[in-house]
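The values are calculated or read from the model by the stated rules, or taken from the named source; none is laboratory data. Being a predicted model, the structure only gives us computed values, none of them experimental. Glycine gets a Cβ as well: all are built from the backbone with ideal geometry, and neighbour counts include every protein chain shown.
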Amino acid sequence: MKYQDDNYYIDRVLGGNVSAYALLVAKHKNLVFSIALKILNNREDAEEIAQDCFLKAFQALNTFEKKSKFSTWLYRIVYNAAISKTRKKRLELIPMDNYVVNNYTENHVAAEVDEIDPEEQKAMIERAMEQLTDDESLLITLFYKGENSIEDISNITGLSMSNVKVRLHRIRKKLHNELALMMNRALN
Amino acid sequence: MEENDFLRKLIQQSPLDSPSDDFVDRVMINLKPAQEQVGVKKSFFLYVKAVLPYALLTLLFAVVYATSDLPILNWLPGVEYLQNSLFPYLGSLLAELKNAFASKYVSFGFLIGISAGLLFLIDRFFSRRSTIQ
């Protein structure tokens with residue numbers, strides 16, 4: 001069955017078909033759980049928060065105004081809930097000149113990584129991502145895996161759009177550096 | 001953007017973390033009590049919303065009925081009934097209520113009741129608004 005737009009299921013739930021909510025849960029559960037896990041670092045807590053957030057979203061579904069995407073609204077709920085649970089500080093703003101851009105030859109790295117087999121690529125990126133901090137990993141997950149725009153991430157985390165851009169840029173550099181180091185090690 | 005696409009492709013190869021297999025079922029099981037809660041919250045406002053037009057219509061009809069001398073209303077009890085029976089009755093009822101409120105105990109009780117009612121409504125209003133942070 002082809003998955004319809006989120007709003008289609010929301011309308012059905014609001015119309016009284018509660019079981020349509022299962023499709024929304026099934027679609028978003030992995031990213032909701034991943035966000036919670038990146039912040040809480042504990043699978044049980046993350047699962048509990050993810051479950052609570054889906055219930056909370058269900059209860060407040062009639063207040064969702066469809067001005068933003070349902071996913072953005074949902075991820076903001078889970079982000080706030082996980083942050084409250086850990087009493088952790090929110091992502092902090094960083095000034096534009098607070099980091100040094102390393103002029104790694106990214107296209108060169110891309111070309112080299114492209115030549116190795118997919119399984120090895122997957123292992124490499126997972127090792128590289130392990131080097132990221134929890135906050136960095138969260139942003140990368142939202143951007144690349146969740147396919148959220150800079151604006152969506154800004155709405156979810158409360159960071160300004162320019163700060164999200166800066167952070168993503170820095171994380172990309174860091175990942176490229178890690179990949180380059182791995183390639184060097186593999187070649188030597 | 002080529003390097004961005006390269007990373008996107010690479011990162012999307014690694015799967016997202018996933019919760020336990022019965023996650024969706026557990027959420028759906030817990031929706032039932034949540035749904036009942038939602039129902040209770042909704043019913044109060046829906047009730048007011050549903051009753052308000054009828055109340056206004058009734059009021060309008062009562063005003064028209066009490067003030068009009070159109071022949072179309074002749075089959076109804078008539079203005080005389082209101083003037084001779086209903087209004088005096090309501091007047092005596094109000095007089096009795098006025099006497100009751102001459103007692104400070106009744107007045108205090110009434111004020112406490114009104115305050116509690118207002119606090120309850122304010123609490124309901126804000127708890128409904130603050131569901132989402």
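On inspection, B:ILE122 passes the criterion of being closer than 19 Å to B:PHE45 by Cα and aliphatic (A, V, I, L, M).
So which residues in segment A:133-188 are on the phi > 0 side of the Ramachandran plot and free of Cβ contacts under 8 Å to residues at least 60 places away in the same chain? Correct list: A:GLU147 only. Going by the conditions given, is A:ILE140 surrounded by 19 or more Cβ atoms within 10 Å (Cβ to Cβ) and away from every other protein chain (no Cβ under 14 Å)? No; evaluated as a whole, the condition is false for this residue. Within segment A:37-57, no residue that is facing another protein chain (nearest Cβ under 10 Å) and more than 15 Å from A:TYR79 (Cβ to Cβ) sits with its Cβ atom under 6 Å from a residue that is in a helix (DSSP H, G or I) and of a type in the set (Lys, Arg) at 6+ positions apart or across chains. Residues in segment A:1-36 that are in contact (Cβ under 8 Å) with a residue 60 or more places away in the chain, among the polar types (S, T, N, Q) and closer than 30 Å to A:GLU136 by Cβ: A:SER34 only.
The residues of segment B:18-34 that are crowded, with 16+ Cβ neighbours inside 10 Å and either more than 7 Å from every other protein chain (Cβ to nearest Cβ) or assigned to a loop (DSSP other than H, G, I, E, B) (or both) amount to a single one, B:PRO19. Kindly evaluate A:LYS27 against the criterion of being within 11 Å of chain B (Cβ to nearest Cβ), under 16 Å from B:SER20 (Cα atoms), surrounded by fewer than 22 Cβ atoms within 10 Å (Cβ to Cβ) and modelled with pLDDT of 90 or more. Criteria met by A:LYS27.
When the residues of segment A:58-78 are filtered to those that are touching a Leu at 6+ places or on another chain (Cβ under 8 Å) and closer than 15 Å to A:LYS27 by Cα, the one that is nearest to the other protein chains (Cβ to nearest Cβ) is A:PHE58. Consider segment A:4-19 and keep the residues that are over 21 Å from A:LYS67 (Cα atoms) and touching a helix residue (DSSP H, G or I) at 6+ places or on another chain (Cβ under 9 Å). The one that is farthest from the other protein chains (Cβ to nearest Cβ) is A:ASN17. Quick one: would you say A:LEU40 is under 21 Å from A:ASP135 (Cβ atoms), crowded, with 18+ Cβ neighbours inside 10 Å and in contact with a Ser or Thr (Cβ under 9 Å, 6 or more places away or on another chain)? So A:LEU40 fits the description; yes.
The single condition among (1) modelled with pLDDT of 70 or more; (2) farther than 30 Å from A:GLU130 by Cβ; (3) within 8 Å of another protein chain (Cβ to nearest Cβ) that B:VAL48 does not meet is (3). Within segment A:113-170, the set of residues being modelled with pLDDT under 85, more than 25 Å from A:LYS27 (Cα to Cα) and part of a helix (DSSP H, G or I) comprises A:VAL113, A:ASP114, A:GLU115, A:PRO118, A:GLU119, A:GLU120, A:GLN121, A:ALA123, A:MET124.
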